[in-house]
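**Q** I'd like to ask you about the structure that follows.
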Amino acid sequence: FHPELPMHYGPHAPYEWYAIPEAERAARCELNADLCVIDEQHFYILGNIEIPVIGSPEHFSWDVWVSLSDRNFLRTLDLWETAG
């Protein structure tokens, strides 16, 4: 029983991270709350899709991991703390 509807879903890591044997993840992956790198070849950033809920001040949100090229991933890191 849940007293309220769940308003947020999303995986802890990209799908590909889960495909790596758990014993190998520390050596092959870097994962934090927003970014993931696998085998220094696959680059991911966490996005969040917010959907308004009619009649509620809340939004339903869905986390999605998006793959980036190495070039775009490095640019993301360069701009991470940049305002605007």
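**Q** Evaluate the Debye formula for the chain with equal point scatterers sitting on the alpha carbons, no solvent, and hand back log10 of I(q)/I(0) at q = 0.13, 0.18, 0.19 Å⁻¹, in q order, two decimals.
**A** Relative scattering, expressed as log10 I(q)/I(0), comes to -0.55, -0.86, -0.91.
**Q** HN-Hα J couplings of segment 26-34 from phi, Karplus 6.51/-1.76/1.60, θ = phi - 60°, integer Hz, Gly and Pro as x?
**A** 4, 7, 9, 10, 10, 9, 10, 5, 10
**Q** Apply 1/(1 + (r/R0)^6) to the Cβ-Cβ distance of Glu16 and Ile49, taking R0 = 30 Å, and write down the FRET efficiency to the nearest 0.05.
**A** Details: r = 20 Å, r/R0 = 0.66.
For R0 = 30 Å, the calculated efficiency reads 0.90.
**Q** With the other protein chains left in place, how much accessible area per residue, in square angstrom, belongs to the chain at a 1.4 angstrom probe?
**A** Details: 6690 Å² over 84 residues.
Each residue of the chain exposes 80 Å² on average to a 1.4 Å probe.
**Q** Which distance in Å, rounded to a whole number, links the C-alpha centroids of segment 48-69 and segment 1-44?
**A** First find each Cα centre; the distance between them is then 17 Å.
**Q** What distance in nm separates the two pseudo spin-label positions at Glu30 and Ser61, each 7 Å out from Cα along the beta-carbon direction?
**A** Label-label distance for Glu30 and Ser61, simple model: 2.5 nm.
**Q** Roughly speaking, to the nearest percent, how much of the chain's 1.4 Å accessible area is carbon and sulfur? Numbers along the way, then the final one.
**A** Working: 3720 of 6690 Å².
That share works out to 56 percent.
**Q** Mind listing the phi-derived Karplus ³J(HN,Hα) values for segment 67-84, rounded to whole Hz, using 6.51, -1.76 and 1.60 with θ = phi - 60°, and x for any glycine or proline?
**A** Each residue of segment 67-84 in turn: 7, 10, 5, 4, 4, 5, 5, 5, 5, 4, 4, 4, 9, 3, 9, 6, 5, x Hz.
**Q** In addition: Please report the antiparallel percentage of the DSSP beta bridges confined to the chain, to the nearest 5.
**A** Values: 17 of 19 bridges.
Expressed as a percentage, antiparallel bridges in the chain total about 90.
The values are calculated or read from the model by the stated rules, or taken from the named source; none is laboratory data. Just so it is clear, the structure is predicted and the values come from calculations on it, not from any experiment. Using ideal geometry, Cβ is built from the backbone for each residue, glycine included, and neighbour counts are taken over all protein chains shown. Just so you know, the surface numbers come from the protein's heavy atoms only, side chains and all, with ligands and any DNA or RNA stripped out. Shrake-Rupley method; radii C 1.70, N 1.55, O 1.52, S 1.80 Å.
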